[in-house]
1. Quick check, is ALA77 within 30 Å of THR29 (Cα to Cα) and either surrounded by 13 or more Cβ atoms within 10 Å (Cβ to Cβ) or at pLDDT 85 or above (or both)?
2. Specify which of the listed residues (ALA52, ALA71) is part of a helix (DSSP H, G or I) and at pLDDT 90 or above.
Amino acid sequence: MPSMTERLDVKPTKTKQMPLPRVRREPPTLEEAAFAAVGLTDDLEQQVDIAANLMGVTPEEAKPHVLKVAATTRALAPNPARGTGHLTIRDRVVTVERTGVRRVMLPPRTARAS
């Protein structure tokens, strides 16, 4: 029997090769590409070029989709003159109040008669 300080001869386990994960490549839809393009720039021609390059289509095919998405996102965008209507992270107010330690007042100990 080996002592506590001796190493046991343990055969190393074989490492199993894991298969590479399969990555499914799905190109974005034309609406998704247009939405991404609208979010990247305000220039309409650049938006059309970005969406066309993302999808691999001609700019003429991408332009109607970009115009449709740009119109809907502008309608939903907050107006800076009116205010956003909700608080941003910088606008949040956090108040931290420290409370004192609660101390329980126990009656003084009396000597026990033994």
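1. no
2. Matching residue, one of ALA52, ALA71: ALA52.
The values are calculated or read from the model by the stated rules, or taken from the named source; none is laboratory data. In this text the structure is predicted, and so the values were computed from the model without any measurement. Reconstructed Cβ throughout: ideal geometry from the backbone, glycine too, with neighbour counts over all protein chains shown.
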